[in-house]
Amino acid sequence: MPSLNPYLSFRNQAREAMTFYQSVFGGDLDISTFGQFEGMVQDPSENDLVMHAQLTSPDGFVLMAADTPTGMTYEKPAGISVSVSGDDEASLQGYWDKLADGGTITMPYDTPPWGGKFGMLTDRFGIDWMVAVNAQQG
């Protein structure tokens, strides 16, 4: 079965960001560096940069990331947000609190007109997030 997962790009921050996201969501983090694969970068000082990282959380989230080597154009993420939603209010509040630490809240995590809870923020690594508790039906 196919899957659709966020793949985040960083400039020299992928390891730090993915370790942070592991502290937010828990789970297993696998990291491969450019240095593990011969010829992947031209500058040996970039051998320790992340070629691919994958975080798989206990809730089944899969978040992937990589560093962009200096030989490639890097553009900061724009026009996209990572969304986390569900019914477990306590877990979602915990994700919000951790993601907001060191970040910028763009919409407070509160009750929106449609019910439930919703908020938007940019985390300390410049990634935009939306966190939502589903509105109760009925």
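Here are some notes:
- Hits in region 108-124 (condition: under 30 Å from Asn12 (Cβ atoms) and out of contact with any strand residue (DSSP E or B) (no Cβ under 7 Å at 6 or more places or on another chain)): Arg124
- Residue identified as under 19 Å from Thr19 (Cα atoms) and not assigned by TED's automatic domain parsing to the domain that holds Tyr21 among Leu99, Leu55: Leu99
- Residue pairs whose Cβ atoms lie under 7 Å apart, separated by 6 or more positions or on different chains, with the first residue in region 98-118 and at negative phi and at pLDDT 95 or above and the second among the basic types (Lys, Arg) and not in a strand (DSSP E or B), are Gly103/Arg124.
- Residues within region 73-91 that are of a type in the set (Phe, Trp, Tyr) and modelled with pLDDT of 95 or more, tallied: 0
- Yes/no for Ser45 being of a type in the set (Ser, Thr, Tyr), assigned to a loop (DSSP other than H, G, I, E, B) and modelled with pLDDT under 95: no
- Yes/no for Met72 being of a type in the set (A, V, I, L, M) and out of contact with any strand residue (DSSP E or B) (no Cβ under 9 Å at 6 or more places or on another chain): yes
- In region 27-38, of all residues being at pLDDT below 95 and either surrounded by 12 or more Cβ atoms within 10 Å (Cβ to Cβ) or in contact with a helix residue (DSSP H, G or I) (Cβ under 9 Å, 6 or more places away or on another chain) (or both), the one that is nearest to Thr73 (Cα to Cα) corresponds to Phe34.
- You will find that of Phe125, Phe118, the residue that is more than 15 Å from Phe20 (Cα to Cα), of a type in the set (A, V, I, L, M, F, W, C) and surrounded by 14 or more Cβ atoms within 10 Å (Cβ to Cβ) is Phe118 and no other.
- Out of Val41, Val24, one residue alone is buried (at least 18 other Cβ atoms within 10 Å of the Cβ), out of contact with any strand residue (DSSP E or B) (no Cβ under 8 Å at 6 or more places or on another chain), among the β-branched types (Val, Ile, Thr) and over 19 Å from Val84 (Cβ atoms). It is Val41.
- Within region 65-110, being exposed (fewer than 11 other Cβ atoms within 10 Å of the Cβ), of a type in the set (A, V, I, L, M, F, W, C) and closer than 19 Å to Thr122 by Cα holds for Ala78, Ile80.
The values are calculated or read from the model by the stated rules, or taken from the named source; none is laboratory data. Values in this document were obtained by computation on a predicted structure and should not be read as measured data. Glycine gets a Cβ as well: all are built from the backbone with ideal geometry, and neighbour counts include every protein chain shown.
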